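Here's the structure we're looking at; comments come further down.
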Amino acid sequence: MRPRPAHLLAVLLMGASPAAAFETCVAGLERDARARGVPAAVVEAAFAGVERDERVLQFSTAQPEFVTPIWDYLAFLVDDERIEDGRRMLTEHRDLLARIEASFGVDRHVVLAIWGVESDYGRITGSFFIPHALSTLVCAGTRRQDFWRGELMAALQLVARGDVALDDLRGSWAGAFGQTQFIPSSYARLAVDFDGDGRRDLVRSIPDALASTANYLQRAGWQTGRPWMIEVKVPANYTGPQGRRDKVSLDTWSRRGVVRADGAAIGGAAQAGLLLPAGPSGPGFLVFANFDAIFSYNHAESYALAIAHLADRIAGYPALRTPWPTDDPGLSRAERRLLQERLLAAGIDIGTVDGRIGPVTRAGIREAEARFGLPVTGRPGRRILDALGG
Ligand code: CA
């Protein structure tokens, strides 16, 4: 008996299981890669054993538990370890950094700061195999499929060109990889071979990675020899203009009552915007065109602030003068490890002490906060660290 059309439809729908749809989609990616000139052996190895990776899908849809306060973000990214490591790298790579400055005109401290924040100076570059992570986003994700497909093809073409080994395509769930965490399309467009071996290898070559970062900033409008940011104070209860894009001269800011953080006057024709990330009572920052170049690296003002400030600290400038307006400051990585040790000592199992505040540590912090009668936030701050130490 012939199935009626409705039955046929049901059979077809049942046949299109998620697993089969994923395989069909991956087969399409393989065809696409070969059509773009990626050798068959590379295509075969790139997609061998590919499965949808639930961790990638979780990351791609994760909502932050809460908005990280700016002081937590900076305490973590611009801590003593990262400053000291940066100063050591400044000495260790002095000649390389001088050549990069001469070639691209970009300040060495900013290049080092990006390296330090993106991968802890090459120590942590991510462990997701990029072809599989991006296949998951194209074939099992729900948004930006064309973007992820483009990044996947760009990654495989980098291998086909001999820039990077297939097995070195390991990085973030979203495809950023290498010492300074380029996404494949940026890598293809902006990476440079600076050690002269004919390959642009941002995974294994520090010269290539740092020079490519300088090239990125130069192409984003870096102005040689100009400042990126200065810490300032605004008048109490300041309600005037602010914003990164609304740049006016330092003379104008001076007329609006803005002074350097140490109280010294500012002035001149240089154009800057005003950032008050924690309101007028916290630290203020005048940010210049070079800050915008840093911003273009990872579109977040908090990120650009961290890079700009870390660059200043590596260069030997002091910590921020104005304290953040909070009675519960953020913690460095060393203090985060101490917090985890104290949680363990208090009988709260948070797993391994690694300084990373994931869901398990946050749950432990909430448990400790409840125990001490503190507001339950799950946030790694000074208050709960001190309470556990007391
Ligand atoms: Ca090279």
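Evaluated at q = 0.09, 0.11 Å⁻¹, the base-10 log of the normalised Debye intensity for the stretch 146-270, with identical point scatterers placed on the Cα atoms, takes the values -0.44, -0.58. Which log10 I(q)/I(0) values does the stretch 116-216 give at q = 0.11 Å⁻¹ under the Debye formula, counting every alpha carbon as one identical point scatterer? Computed log10 I(q)/I(0) values: -0.29.
Taking amide H as placed 1.01 Å from N in the peptide plane, PHE128 has its amide H under 5 Å from the amide H of GLY171, each at least 5 places away in sequence or on another chain.
Computed from the Kirkwood radius of its Cα pairs, the Stokes-Einstein diffusion coefficient for the stretch 176-228 at 10 °C and 1.306 mPa s stands at 141 µm²/s.
Along its first, second and third principal axes, ordered by size, the stretch 22-169 spans 50, 41, 23 Å in Cα coordinates.
If the segment from THR61 to ARG99 were pulled out straight at 0.36 nm per residue, it would be longer than the present Cα-Cα gap by 9.5 nm.
Calculated mean residue ellipticity, 222 nm, the chain: -15500 deg cm²/dmol, from DSSP H runs (n ≥ 4) at -39500 (n - 2.57) each, averaged per residue and rounded to 500. Per residue, the convex hull spanned by the Cα atoms of the chain amounts to 203 cubic angstrom. Test of understanding: in a Gaussian network model of the chain with alpha carbons linked when under 10 Å, which of PHE147, PHE182, PHE76 would top the mean-square fluctuation ranking? So, out of PHE147, PHE182, PHE76, the one fluctuating most is PHE147.
Site pair ALA21 and ASP327 shows an inter-label distance of 5.3 nm when each label is modelled 7 Å from Cα along Cα→Cβ.
GNM remark for the chain: springs join alpha carbons under 10 Å apart, and the peak mean-square fluctuation among VAL232, VAL248, VAL67 falls on VAL67. The stretch 242-295 and the stretch 20-36 have their alpha-carbon centroids 50 Å apart.
Residue separation of ASN237 and HIS299 scaled by 0.36 nm, minus their Cα-Cα distance, works out to 19.5 nm of gained length.
Considering only the Cα atoms of the stretch 333-389, their convex hull presents on average a projected area of 3.1 nm². All Cα-Cα separations within the stretch 215-256 were binned at 10 Å from zero, giving a P(r) of 19, 48, 23, 10, 0, each value a whole percent of the pairs. Just so you know, the Rg over Rh for the stretch 212-296 is 1.00, from Cα atoms, with Rh as the Kirkwood radius. The tail of the calculated P(r) for the stretch 59-143, taken as Cα-Cα distances beyond 16 Å, holds 68 percent of the pairs. With the Kirkwood sum run over all distinct C-alpha pairs, the stretch 235-369 has a hydrodynamic radius of 17.5 Å. Dipole of the chain computed with +1 at Lys/Arg Cβ and -1 at Asp/Glu Cβ about the Cα centre; of TRP115, PRO227, VAL258, farthest Cα towards the positive end is VAL258. Between ALA370 and ALA319, the simple spin-label model (points 7 angstrom out along Cα→Cβ) gives 3.4 nm. Couplings 3J(HN,Hα) of the stretch 224-233, computed from phi: 4, x, 9, x, 10, 6, 10, 7, 9, 10 Hz, in residue order, whole Hz [Karplus 6.51 cos²θ - 1.76 cosθ + 1.60, θ = phi - 60°; x for Gly and Pro].
Principal axis extents of the C-alpha atoms in the stretch 307-370 (largest first, rounded to whole Å): 41, 24, 18.
Values in this text are rule-based calculations from the coordinates and carry no lab data. Being a predicted model, the structure only gives us computed values, none of them experimental. Virtual Cβ from ideal backbone geometry, glycine too; neighbours counted across all protein chains shown.
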